[in-house]
Amino acid sequence: MKNISKVTTTALDKIRKFREEQRGSIMATAALSLPLLMLSVAVTVQYSMASNAKSKVQQATDSALMAGAIEANKVESLTDILLVEKKLEENAKNFLKAGLGEISNLDYKINKVSFNPLTKLATLKVDFKYPTIMDQITGDENKYHSTEAQVYLSEEKRKPLSMYLVLDKSGSMGWDGRMVALKAAVASLTTKMVLEDPDQEYVRMGAIAYDSRNYWKRVDLNWNPVLVNAYTQALWANGGTNSSDAMNVAYKAMKGNSEEKVHEKKNGGEPTKFILFLTDGANNHSSYDKKTKKHCNNAKNKENVQIYSIAFQAPKSAQELLKNCASSNAHYFEADNAAELIASFDTIGNAAAKALAFSK
C-alpha cells in the first residue's frame with residue numbers, strides 16, 4: 001500500500017509540474033503574441049481608414065470635376081483650351097479643399113487638369129497619400145496613389161427671353177386692394193427676372209397699362225426689369241376699360257425680327273417671346289374685344305408669342321376674352337384674391353425661368 005501511495009504521489013507531482021510548465025509556456029507565448037495581435041488590429045483599422053479615405057478622394061475628384069465643368073461650360077468658346085482648363089482647375093481646387101480638408105493625415109494634390117477640344121473630354125487627376133503602419137513597414141509612406149475623373153463638356157448657351165406686360169389700370173382696379181395686389185405681383189415677377197439674369201444679358205421686359213383712354217405711357221422692352229417694376233408701382237386706377245390698343249402695342253413690340261436682332265447682338269440667341277395680359281373687367285365696347293382678339297391671334301400665330309392671361313376677379317365676358325387670347329388652357333389663370341394673383345405671376349415667372357434654361 002505504501003509503495004502504491006508513493007507511486008501515486010510521484011505521478012501527481014509530475015502532472016502538476018507539467019501543468020506549471022505548460023502554463024508558463026502559454027504565458028510566454030501569449031506575451032510574445034500580444035504585440036503582434038495589437039499590430040494586426042492596428043493594421044486592419046488603418047487599412048479600413050485608408051480605404052475610406054481613398055473612396056472619399058475618388059468621390060471628391062468626381063464632384064470637383066463636375067463643379068469645374070459647370071463653370072467651364074460657360075466659357076464663350078471651348079476652343080479656348082487655356083481658359084477652359086483654368087476654369088476647371090480653379091473650381092476643382094475649391095471643391096477638393098471643401099470636400100477633403102477635414103480628413104486628417106491625408107495629403108493630396110492635383111496632378112493633371114486637361115481638356116481635349118476635339119472630343120470635349122475633360123480630365124482631372126488627383127494624387128494622394130494616407131500613410132499607414134504597413135506603409136512604414138514596407139517603406140511606402142511617401143508613396144502617392146492616384147485617382148482620376150473624366151467628363152464631357154458641351155457648349156451651352158441660355159435661351160433669351162422678351163416679355164411684355166399688358167396691365168389693366170381702369171377704375172375698378174382701385175377696388176378691394178386690386179392695384180396693391182397687382183403691384184406686389186409685378187414686384188415679385190421682376191425680382192425673379194433680376195435674379196435669373198443679374199448681368200442683364202438675356203431678359204428684356206416692357207410694360208403698358210391701359211384704361212378707356214387707350215393706354216397710359218409705357219416702358220418699352222429693355223434689359224432692366226427694375227424699370228418695369230418702377231413703372232407699375234407708379235400706376236393709379238382710373239377710367240374705363242379698353243385693352244385693344246395696349247395689346248396692339250405689345251404685339252408690335254414682338255412683331256418682325258427686331259427682338260431677334262437685339263438679342264443676337266447681345267447674347268447670340270433667338271428669344272422666347274411672352275405677353276402677360278391682365279384685366280379685372282370687361283371692355284366698354286364689344287369692338288374693343290374684337291380688336292384685342294385680333295392682336296392676340298396675330299401675336300400667337302404670326303410671331304410665335306406665348307400669351308399668358310389672368311382674369312383678376314373678372315366677369316364672365318372678360319374671362320372669355322382672356323381665354324381666347326391665352327395660348328392654351330395652361331396659359332390662362334383666374335385669381336380671386338391677392339394671394340392667387342401673386343401665385344399666378346409666380347407660375348408665369350417659373351415658366352420664364354424654364355425658358356431661360358441652358359440649352360445645348
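Quick rundown of the values:
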{"read-out": "Proximal charge balance of Thr190 [Cβ under 13 Å; K/R count +1, D/E count -1]", "value": "0"}
{"read-out": "Least to most buried among His263, His145 (fewest other Cβ within 10 Å first)", "value": "His145, His263"}
{"read-out": "Burial order of peptide ranges 93-99, 61-67, 194-200 (average beta-carbon count within 10 Å, highest first)", "value": "61-67, 93-99, 194-200"}
{"read-out": "Theoretical gain in end-to-end length, Ser328 to Arg213 [0.36 nm per residue, Cα-Cα removed]", "value": "38.5 nm"}
{"read-out": "Rounded FRET efficiency, nearest 0.05, which uses the C-beta distance separating Asn105 from Lys294 and R0 of 56 Å", "value": "0.15"}
{"read-out": "For the range 200-346, Kirkwood radius (reciprocal of mean inverse C-alpha pair distance, Å)", "value": "15.8 Å"}
{"read-out": "Relative packing of 70-77, 322-329, which averages over residues the other C-beta atoms within 10 Å, highest first", "value": "322-329, 70-77"}
{"read-out": "Value of Rg/Rh across the range 229-306 [Cα atoms, Kirkwood radius]", "value": "1.04"}
{"read-out": "Extension gain from Ala234 to Lys97, taking 0.36 nm per residue of separation minus the Cα-Cα distance", "value": "44.4 nm"}
{"read-out": "Amide N proximity, the range 246-276 versus Asn301 label position 7 Å along Cα-to-Cβ, cut-off under 17 Å", "value": "248, 251-252, 255-256"}
{"read-out": "Entries of Lys192/Lys252; Lys87/Lys261; Lys183/Lys265; Lys293/Lys354; Lys290/Lys354; Lys74/Lys265 with Cα pairs more than 21 Å apart", "value": "Lys192/Lys252; Lys87/Lys261; Lys183/Lys265; Lys293/Lys354; Lys290/Lys354"}
{"read-out": "Fraction of antiparallel bridges per DSSP, the range 198-345 only, in percent to nearest 5", "value": "25 percent"}
{"read-out": "Proximal lysines to Lys143, defined as alpha-carbon separation beneath 23 angstrom and excluding residues fewer than eight positions away on the same chain", "value": "Lys54, Lys56, Lys93, Lys97, Lys109, Lys112, Lys125, Lys129"}
{"read-out": "Separation of the Glu270 and Trp223 label points, Cα + 7 Å toward Cβ, nm", "value": "2.3 nm"}
{"read-out": "Förster radius 25 Å - calculated FRET efficiency between Ile81 and Gln200, Cβ distance, rounded to 0.05", "value": "0.25"}
{"read-out": "Backbone HN-Hα couplings from phi across the range 110-126 [Karplus 6.51/-1.76/1.60, Hz, Gly and Pro as x]", "value": "6, 8, 7, 10, 9, 9, 9, x, 7, 8, 6, 8, 9, 10, 10, 10, 10"}
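Each value in this text was obtained by applying a stated rule to the coordinates, not by laboratory testing. None of these values were measured; they are calculated from a predicted model. Note that we place each Cβ from the backbone using ideal geometry, even for glycine, and neighbour counts take in every protein chain shown.
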